[in-house]
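*Asks:* My questions will all concern the structure given below.
Throughout, read-outs are computed from the coordinates displayed, never taken from laboratory work. What you see is a predicted model; the values in this text were computed from it and never measured. Counting neighbours? That spans all protein chains shown, and the Cβs are built from the backbone with ideal geometry, glycine included.
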Amino acid sequence: MQKTTVKTRSGHVLRLPSDEEDARIRAGIAADPDTHEVGDAEFALMTRRVGRPAAALARPMLSMRVDPDVLAKLRASGKGWQTRVNAVLRQAVEKGRV
């Protein structure tokens, strides 16, 4: 037995087309020169990727201990504080302080 409805995550109930309606839809797609039916491989390329893209050079994770007041000040400086700490460390290394 074919399902006639689908319930979405938000609770909406969608009515699925019958076999006859589906055949008419597919015929309409085939008859329209400006569109085509999307295949599995093409659909896979359209999936949404979550998160930021992979960096060209992956930076390794670091675990270190710092004084609580230092960490509080760094975090209080706002979003991107870890990137700013990396920049400060890079400057120290490049200037030969480390």
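*Asks:* Against the longest principal axis of the chain, how steep is helix 19-31, in degrees 0 to 90 to the nearest 10, with axes from Cα atoms?
*Replies:* With both axes taken from Cα atoms, the answer is about 70 degrees.
*Asks:* Same structure again: With a cut-off of at most 16 other beta carbons within 10 Å, and DSSP calling the residue loop, which trypsin sites (Lys or Arg not before Pro) in region 1-95 qualify? Please list them. It would help to have the intermediate numbers written out before the result.
*Replies:* Numbers: sites: Lys3, Lys7, Arg9, Arg15, Arg24, Arg26, Arg48, Arg49, Arg65, Lys73, Arg75, Lys79, Arg84, Arg90, Lys95; in loops: Lys3, Arg9, Arg48, Arg49, Arg65, Lys79, Lys95.
When the trypsin sites (Lys or Arg not before Pro) of region 1-95 are filtered for loop state and at most 16 Cβ neighbours within 10 Å, Lys3, Arg9, Arg48, Arg49, Arg65, Lys79, Lys95 remain.
*Asks:* For region 37-98 and region 1-23, what is the centre-to-centre distance using only Cα atoms, to the nearest Å?
*Replies:* Each part reduced to its Cα centre gives a spacing of 43 Å.
*Asks:* Can I ask one more? Assuming a ≥ b ≥ c are the square roots of the Cα gyration tensor eigenvalues, decide whether the chain counts as rounded (a/c under 1.5), prolate (otherwise, with a/b larger than b/c) or oblate.
*Replies:* Numbers: a/c = 5.19, a/b = 2.76, b/c = 1.88.
Here the chain falls in the prolate category.
*Asks:* Right, next: Where nothing but the Cβ of Lys and Arg (+1) and of Asp and Glu (-1) is charged, how large is the charge dipole of region 30-98 around its Cα centre, in debye to the nearest 20?
*Replies:* Working: 12 positive and 8 negative charges, 211 e Å.
Rounded to the nearest 20 debye, it is 1020 debye.
*Asks:* Can you tell me the 0 to 90 degree angle between the C-alpha axis of helix 81-94 and the longest principal axis of the chain, rounded to 10?
*Replies:* Here the helix axis deviates by roughly 50 degrees.
*Asks:* Considering Cα pairs under 8 angstrom that are at least six residues apart, work out the relative contact order of the chain and quote it in whole percent. Present the calculation step by step, with values, prior to reporting the outcome.
*Replies:* Numbers: 25 pairs, mean separation 8.7, N = 98.
Once normalised by length, the contact order is 9 percent.
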